[in-house]
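Worksheet: the structure to be examined is printed underneath.
The values are calculated or read from the model by the stated rules, or taken from the named source; none is laboratory data. The model shown is predicted, which means the values in this text are computed figures rather than measured ones. For the accessible areas, the whole protein counts, side chains as well, though only heavy atoms, and no ligand, DNA or RNA atoms are used. Shrake-Rupley method; radii C 1.70, N 1.55, O 1.52, S 1.80 Å.
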Amino acid sequence: MSSTKASEVAKALRERLGEIRPENGYFTAIDRVYGPTERARDKAPMPYLLVRTATDSRTGAAKTQASRVRTFEIEAVFGKSAEEADLDNIHVDVLRALGFGRDDFDGRFPGLIEDQDDAVPQYAGEGRDTHNITITIGVAYVENYN
């Protein structure tokens, strides 16, 4: 059975983010990108990304198709020795990987909503032994229900 458009979008997003490494022109060397049903093992090499769906909303419909916006949370996890600049760099790297602001449509992640992104850092401290930054982005797509 073929997969839904929503699943295809999520898989493509994880693949694109997996390219974040200095040899590809980025600041950060991402070790691995985990999906929502995967769990990073204890002592997993850092930094890594956790990508999960936050919301998925219908924005319109026509017969058996619906336009939708899926909001993804992309959480970057760093060891406690990471610097504040490392969290700033991964935020820039994620947006660059998705083609933010590019004029060429081939370089942009399909459906990326460019005016929707947030970043929330959390620093190691009481009860936390990692630095994290969660970047939220939106992707528009069309799902077929027939």
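Computed per residue of the chain from DSSP H runs no shorter than four, each worth -39500 (n - 2.57), the mean residue ellipticity at 222 nm is -6000 deg cm²/dmol. Ordered from largest to smallest accessible area (heavy atoms of protein chains, 1.4 Å probe), the residues Arg58, Arg16, Arg39 come out as Arg39, Arg58, Arg16. Residues Lys80, Lys11, Lys5, Lys63 ordered from highest to lowest accessible area at a 1.4 Å probe: Lys63, Lys80, Lys11, Lys5. With Kirkwood radius over Cα pairs in Å in mind, check (i) 16.8; (ii) 15.6; (iii) 16.1 and report the label derived from this structure. Computing Kirkwood radius over Cα pairs in Å and matching it to (i) 16.8; (ii) 15.6; (iii) 16.1 gives (iii). Ligands, DNA and RNA are left out, and with a 1.4 angstrom probe the accessible area of the range 1-112 is 60 Å² per residue. Computed over the alpha-carbon atoms, the range 41-98 gives an Rg to Rh ratio of 1.18, Rh here being the Kirkwood radius from the mean inverse distance. Rounded to the nearest 10 degrees, the angle from helix 84-97 to the longest Cα principal axis of the chain is 30 degrees. Using a Gaussian network for the chain with springs between C-alpha atoms less than 10 Å apart, which of these wobbles most: Asp88, Asp104, Asp31? Checking each option, the largest mean-square fluctuation is seen for Asp104. The portion of the accessible surface of the chain made up by carbon and sulfur, rounded to a whole percent, is 47 (1.4 Å probe; DNA, RNA and ligands excluded). Across Ala97, Ala44, Ala76, mean-square fluctuation computed from a Gaussian network of the chain (C-alpha pairs under 10 Å connected) peaks at Ala44.
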